[in-house]
Amino acid sequence: MDKMKVAVCQITPVWLNKKLTLEKVAGEIEKAAKAECKLIAFPEALVPGYPFWVERTDGAVFNSDVQKDFYAHYMKEAVHFSSGDMDEVCRLAKTNGISIYLGIIERAADRGNHSLYCIASPDGEWLVEPVLNEEKLIIAEIDHGMIRRERHNFDPSGHYARPDVFTLNVNTGRQSVLKLTNH
């Protein structure tokens, strides 16, 4: 398969409402699957929404009740995997054979929050020009030939790779801020 249909979903969250935002995400996944896309990518921090209040409410003020209240609500609405928040998204991925890249803020049981995001064409050009001021499911086709061509400039794991210069290590274990050791 040299080409693959992909979707870039430009939507706004139902800000600080994880449940309603995930329902909106599910609808977009279903639309992309019906369009025979094999990948759909969503914006950074879509669930439960980007924390823009920090810029508008003196976020750098130390010990502010306003900031503490916003942050506590933000963490309450963050994604918690072990509580099943992502079960429907995972079910849709499996049922429809579609890969999903969803920007979330995660609230793990034993640590803070994290955001996931990134999408780029291999040559740095837009596959589809940015869409402004509207929600839209953007669908494009990825040309694997273009990816192979751009490997000439950057091939981190192929024939011309330099493992002495670039190595990617992936720790798939659940991370924690607490590590217990015996001395």
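If you wrap the tightest convex hull around every Cα atom of segment 34-97 and split its volume per residue, you get 105 Å³.
Peptides 37-46, 77-86, 166-175, 59-68 ranked from most to least packed give 37-46, 77-86, 59-68, 166-175, packing being the mean of other C-beta atoms within 10 angstrom over each peptide's residues. The alpha-carbon of residue 68 sits under 30 angstrom from the alpha-carbons of these lysines, leaving out residues fewer than 8 places away in its chain: 18, 19, 24, 76, 179. Modelled spin labels at residue 136 and residue 101, positioned 7 Å past Cα toward Cβ, are 1.9 nm from each other.
Of the residues 45, 86, 57, the one whose Cα sits farthest toward the positive end of the charge dipole of segment 22-97, with +1 on the Cβ of Lys and Arg and -1 on the Cβ of Asp and Glu, is 86.
For residue 80 and residue 144, a Förster radius of 35 Å and the Cβ-Cβ distance give a FRET efficiency of 0.45, rounded to the nearest 0.05. Between residue 65 and residue 15, the FRET efficiency from the beta-carbon distance, with R0 = 25 Å, is close to 0.75.
Here, each number is a calculation from the coordinates, and none is a lab measurement. Computed from a predicted structure; not experimentally measured. A quick note on method: Cβ atoms are made from the backbone with ideal geometry, for glycine too, and the neighbour counts reach across all protein chains shown.
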